[in-house]
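Read through the structure below, which is laid out as structure tokens, and then see the notes.
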Amino acid sequence: MTKDTSNQMWGGRFADGPDAIMEAINASIGFDQRLAAQDIRGSSAHAAMLAATGILRDNDAEAIREGLLTVLSEIEGGNFTFSAALEDIHMNVEARLKEIVGEPAGRLHTARSRNDQVATDFRLWVRDQMDAIDGALVTLLQACLAQASAGADWVMPGFTHLQVAQPVTWGHHMMAYVEMFARDRSRFADARARMNESPLGAAALAGTSFPIDRHMTAEALGFDRPCANSLDAVSDRDFALEFLSSASICAMHLSRLAEELVIWSSAQFRFVTLSDRFSTGSSIMPQKKNPDAAELIRAKIGRILGSTITLFTVMKGLPLTYSKDMQEDKEPVFDAADNLMLALAAMEGMLRDLTANRDVLERAAATGFSTATDLADWLVRELDLPFREAHHVTGTLVARAEAGGKDLPDLTLDEMTAVHSGIHQGVFDVLGVHNSVASRTSYGGTAPARVREQIARWEAALK
């Protein structure tokens with residue numbers, strides 16, 4: 001396209017075309033062409049409404065509808081030439097539409113502005129991404145549930161400060177991530193419900209004098225209602241900020257799980273074995289099997305959170321309504337969406353292929369005095385000791401076992417009674433890791449029966 005064509009799009013206000021630098025900084029077609037499907041969808045709904053309200057002749061509306069379908073087919077088929085001189089996706093589509101249908105194309109922009117047009121396109125795109133992410137989260141949740149179900153009663157060490165704390169089950173650990181990723185689904189769903197209002201018809205900022213039907217276009221585009229304030233409609237990017245904020249929290253959860261997979265797959269832990277499909281080797285050390293997929297997932301939070309900070313910084317301090325600054329809203333959202341979807345898919349694949357090493361987990365569960373709390377609880381129940389005294393007695397026994405190079409179950413009854421005379425043979429019933437996890441029957445606890453209840457609850461919820 002020539003600069004003259006660009007000037008015609010702007011109208012008679014500008015006599016000279018932009019120079020190369022202005023064109024480069026002003027054009028957004030390099031990235032907002034991703035909004036093509038949403039732009040054409042919005043234009044089709046707008047044209048149908050203009051015809052229904054008598055603003056546009058039916059034959060013109062039909063020509064526009066068919067022309068827009070042709071443009072969409074060209075774009076999807078890779079046969080469309082995008083022009084930086086036309087700045088953005090809206091002008092590129094309209095210029096091509098004019099080449100196809102002629103004069104009726106010039107009537108399409110009646111009662112709207114690029115301001116409400118881009119706000120509508122962007123909302124539609126973000127909403128589509130939220131739906132795609134929800135689907136990816138469901139498959140990830142199902143992968144977590146499969147791991148949890150397979151190991152609902154497999155004991156492993158639970159950690160605080162990355163130090164052995166108490167025995168838990170593999171299933172219970174996996175179900176913790178089910179809770180996290182389910183909250184991510186809820187956050188995206190909340191944001192989707194809040195954003196599902198249509199800016200279309202707000203025009204540049206003040207609405208329009210044409211007798212348009214904004215409820216008609218809102219319904220046609222799947223929105224719940226039109227935005228109630230035209231100023232807010234064109235200047236709001238809260239929906240994008242909420243999307244990015246939810247994406248950042250989700251990426252943080254993925255990063256936590258990825259870190260555990262990195263640690264657990266190491267030679268020092270060997271809790272899990274990663275498949276070759278999600279591992280790489282070393283160019284110099286033939287024994288290496290690196291958890292690169294997990295490490296890359298772990299890093300995505302930096303990129304996605306960076307996008308979030310970028311958009312917050314762009315929006316901070318902007319006066320109402322639209323400013324060109326807001327052209328910087330799309331690239332960080334596009335990048336965050338791409339990387340979150342990739343990370344979700346990679347994590348789901350890793351979990352599907354993951355092998356948890358049951359014997360290693362069980363041996364590790366019995367180390368680090370993991371049943372010390374069970375001993376203290378037993379002293380409270382059986383000997384009626386105040387918990388603080390029971391804590392002290394248990395700590396003394398731990399110190400003796402450690403000094404002797406033993407774990408708690410390895411102490412003899414005589415060694416225990418030397419610390420407190422009331423201890424009897426029944427204490428050994430609580431010092432085994434299986435007994436420990438089986439006893440944690442409180443709601444949300446690690447007892448296999450409770451874990452299976454939660455698995456069943458979530459499996460039903462995801463159907």
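Brief remarks on what is shown
- Under-5 Å amide H pairs with Asn290, H placed in peptide plane, nonlocal only: Thr280, Gly281
- Virtual spin-label span in nm between Asp410 and Ser73, 7 Å along Cα→Cβ: 7.8 nm
- Near the amide H of Gly158, within less than 5 Å, lie the amide hydrogens of Ala165, Gln166, Val168, all on another chain or at least 5 residues away, with H placed in the peptide plane.
- In a simple Cβ point-charge model (Lys, Arg +1; Asp, Glu -1; nothing else charged), the chain has a dipole of about 340 debye relative to its Cα centre.
- For Arg277 and Glu459, the FRET efficiency from 1/(1 + (r/R0)^6), where r spans their Cβ atoms and R0 equals 41 Å, is about 0.95.
- Dipole of the chain computed with +1 at Lys/Arg Cβ and -1 at Asp/Glu Cβ about the Cα centre; of Ala366, Thr321, Ala299, farthest Cα towards the positive end is Ala366.
- Percent RCO, i.e. relative contact order, over the chain, from Cα pairs under 8 Å lying at least 6 residues apart: 16 percent
- On the beta carbon distance between Ser209 and Ile21, with R0 = 30 Å, the FRET formula returns roughly 0.20.
- Cα lying deepest toward the dipole's positive end in the chain, options Val118, Asn59, Leu383, charges on Cβ: Leu383
- Per-residue ³J(HN,Hα) for the stretch 380-385, Karplus 6.51 cos²θ - 1.76 cosθ + 1.60, θ = phi - 60°, Hz, x for Gly and Pro: 5, 6, 8, 10, 6, 7
- Mean-position separation - Cα centroids, the stretch 390-463 and the stretch 217-267, in angstrom: 42 Å
- Surface share of carbon and sulfur [accessible, 1.4 angstrom probe, percent] for the stretch 191-286: 53 percent
- Apolar share of the accessible surface for the stretch 366-462: 53 percent from carbon plus sulfur atoms, 1.4 Å probe.
- Of the solvent-accessible surface of the stretch 20-107, computed with a 1.4 Å probe over protein heavy atoms with every protein chain present, carbon and sulfur atoms account for 52 percent.
- Mean accessible surface per residue for the chain, computed with a 1.4 Å probe while every protein chain stays in place, in Å²: 46 Å²
- For the chain: lysine pairs under 20 Å (alpha-carbon distance), excluding those fewer than 8 apart on one chain: 4
- Rough spin-label spacing in nm, given labels placed 7 Å along Cα→Cβ, for Val419 and Thr367: 2.1 nm
- Taking the C-alpha atoms only, the angle from helix 170-195 to the longest principal axis of the chain is near 20 degrees.
- Charging the Cβ of each Asp and Glu at -1 and of each Lys and Arg at +1, and nothing else, the dipole of the stretch 366-462 about its Cα centre rounds to 360 debye.
- Which of Phe31, Phe312 is most accessible, then next, and so on - probe 1.4 Å: Phe312, Phe31
- Model label points for Arg65 and Ala403, set 7 angstrom from Cα along the Cα-to-Cβ axis, are 8.9 nm apart.
- The chain, helix-only ellipticity at 222 nm - DSSP H runs n ≥ 4, -39,500 (n - 2.57), divided by all residues, nearest 500: -20000 deg cm²/dmol
- Largest first and in whole Å, the equivalent-ellipsoid semi-axes of the stretch 366-462 read 31, 14, 10, each the square root of five times a Cα gyration tensor eigenvalue.
- Since only Phe271, Met91, Met180 are under comparison, the one whose Cα sits farthest along the positive direction of the charge dipole of the chain, derived from C-beta charges on Lys, Arg, Asp and Glu, is Phe271.
- Dipole magnitude (debye, nearest 20) for the stretch 158-250, charges at Cβ of Lys, Arg, Asp, Glu: 200 debye
The values are calculated or read from the model by the stated rules, or taken from the named source; none is laboratory data. Keep in mind the model is a prediction, meaning the values are calculated, not measured. Neighbour counts run over all protein chains shown; Cβ positions are idealised from the backbone, glycine included. Surface accessibility is based on the protein's heavy atoms, side chains included, excluding ligands, DNA and RNA. Shrake-Rupley method; radii C 1.70, N 1.55, O 1.52, S 1.80 Å.
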